[in-house]
């Protein structure tokens, strides 16, 4: 990595703002940008939802880990991960070794409002706050291992990016 800068990994639940914030943060830091879910879609030629439906979550998590390891990143990069990416210990170890991990913490009610009209592979229709809470409760102990935790409930992506910039400099 150039200039001893580390990569920045954004983790958190679906709807916490990882993709939108990654764009803003990469822009203000002048870092490269990678959206891991987008890379998976490009590599496998299927939407994330379709991979989950046709092949299941376990296969998807394997694709996710493999795609991450195959990334060719040398410049400092902001990487938006999938919400379940840090669940695998190998992924957590890789992120900690190669960069800073930032948890975009968001409460289940806010997540619900942001994604209630979307199709999300881990959530049945109709989406409920309880479904989101069940996933969040299972992942919170893993997410808390992040280097930085920022609550995105009331922040725009631009506001959150500025706050993160001030925290990492």
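A short reminder: the numbers here are calculations on the coordinates, not readings from a lab. Just so it is clear, the model here is predicted, and its values are computed rather than measured.
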Value of relative contact order over the chain, rounded to a whole percent, pairs C-alpha under 8 Å and six or more apart: 36 percent
Could you work out the helix-only [θ] at 222 nm for the chain, with each DSSP H run of four or more residues adding -39,500 (n - 2.57) and the total divided by the number of residues, to the nearest 500 deg cm²/dmol? -15500 deg cm²/dmol
Quick one: compute the contact order of region 70-162, relative version, from alpha carbon pairs under 8 angstrom and 6+ residues apart, as a percent. 37 percent
Pull out a ≥ b ≥ c, the square roots of the eigenvalues of the alpha-carbon gyration tensor of region 76-169, then state rounded if a/c is under 1.5, prolate if not and a/b is larger than b/c, and oblate in the remaining case. oblate
